[in-house]
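Report on one structure; see the data block that follows.
The values are calculated or read from the model by the stated rules, or taken from the named source; none is laboratory data. Because the structure is a prediction, the values reported are computed rather than measured. Please note: Cβ atoms are built from the backbone with ideal geometry, for glycine as well, and neighbour counts cover all protein chains shown.
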Amino acid sequence: MGLPPAKRLRLKFVFENVLNYAKNPFGWLVLKGGYGRGKTHLAAAIANYRINHGQPVLFVNTPDLLDHLRAAYSPTADVGFDDRFNQVRNAPMLILDDLGTQSNTDWAQEKLYQIFNYRYNARLPTVVTTNQELEAIEGRIRSRLVDHRLVQILTIIAPDFRRAGFDETQPDLSTLDLHNDQTFSTFNLRERELPQHEANNLQRAFEAAKAFAENPVDWLVFNSIAHGNGKTHLAAAIANQLARKGEVVLFISVPDLLDHLRATYSPSSVIKYDRRFNEVKTSPVLVLDDLGTESATPWAREKLYQLLNHRYIARLPTVITTATPIKDLDPQLESRMMDESRSTFFVIKAPSYRGKIRTKRSTHR
């Protein structure tokens, strides 16, 4: 399969975690991703593994489940509603495929919530597949699905396997593959070149980046007036390390991002604006390179604010690089980036790197 390295690693990570769950089905597992990504295949593989080891499993498509429950109200039904409902609620393992594709009537949402809530309280092994963003799922159910104490969420990033080759209708926004060589091990700390205070500052920036890569929480912003002094390299090193651990990382420059968003307005675009914007807005880890170099139109400022404000409120891991003085950035973005409770703002003082090591000379007076 001709997938980029980051996606191959992600699929390997997902497969290994699904296999571990099949062997030891503790808690809940949520498999997220677009159509044809392999969610149902993996869920069925879990079911077959457990059945082969003697455990009963109920595997059902969510719309079909609701149809079965409605049919149980019929006087001619072989199994009454209460019995059918309890079979689902108490199944030793329940696999609900395609959550979110059902017709969301009040009755359907209430029945699904009752099932999820019962199994949540009883800690019964449950697998869910969905092509929906979790934000689109009914709030009470979503609150159960995002409880990290019980639930593991795996996002499958891959083309539609039911189509030959890559799915050209879903281009990969991330340009991380162009930065494969920018890792922590290849970063030049420039100890022999820089004055001591600048070398120390660059060392601290390096350590801040490594710490974020180990524990990606909230925001990390690298700022400097100079270009070419390591901001992008450190941001890419964070992204590469997280991607190699199987994390979903979207790395993109701000001008490229805005071009992608503008392109969705074209009548010939097969990707709608809302879908593209939500892809960026909800990315598990987002790295925005070169903030401030984009054309600062009112539209661009509005989109960037909407994007970053959502990630700020949701406390989604975000790395930003900018060579724009903070006072020249949009005041709304500045207030988010300078909030010490949610953002680490680091100014890199080193000048541009020219690739040559200068020998320090002593000055005789």
Considering Asp83, Asp97, Asp147, Asp106, which residue is under 28 Å from the mean Cα position of the chain (by Cα), of a type in the set (D, E, K, R) and surrounded by fewer than 17 Cβ atoms within 10 Å (Cβ to Cβ)? Asp147
All but one of (1) closer than 26 Å to Arg276 by Cα; (2) surrounded by fewer than 13 Cβ atoms within 10 Å (Cβ to Cβ) hold for Ser341; state the number of the condition that does not hold. (1)
Matching entry among Leu202, Leu234 (being touching a Gly at 6+ places or on another chain (Cβ under 9 Å) and at pLDDT 95 or above): Leu202
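Could you please let me know if Arg190 is of a type in the set (Lys, Arg) and either over 23 Å from Leu304 (Cα atoms) or in a strand (DSSP E or B) (or both)?
Details: of a type in the set (Lys, Arg): yes; either over 23 Å from Leu304 (Cα atoms) or in a strand (DSSP E or B) (or both): yes.
Judged against the criteria, Arg190 is a match.
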Of the listed residues (Thr175, Thr183, Thr264), the one being surrounded by 14 or more Cβ atoms within 10 Å (Cβ to Cβ), at pLDDT 95 or above and among the hydroxyl-bearing types (Ser, Thr, Tyr) is Thr183
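Taking the options Arg336, Arg315, name whichever one is over 19 Å from Ala237 (Cα atoms) and within 19 Å of the chain's Cα centre (by Cα). Full working, then the answer.
Working: Arg336 fails: within 19 Å of the chain's Cα centre (by Cα).
Answer to the selection: Arg315.
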Wholly inside the range 1-120, helices (runs of 4 or more DSSP H) that include 1 or more residues that are modelled with pLDDT of 95 or more are 5-23, 39-52, 81-89
Which one is nearest to Asn24 (Cα to Cα) among residues in the range 121-144 that are assigned to a helix (DSSP H, G or I) and more than 26 Å from the chain's Cα centre (by Cα)? Ala122
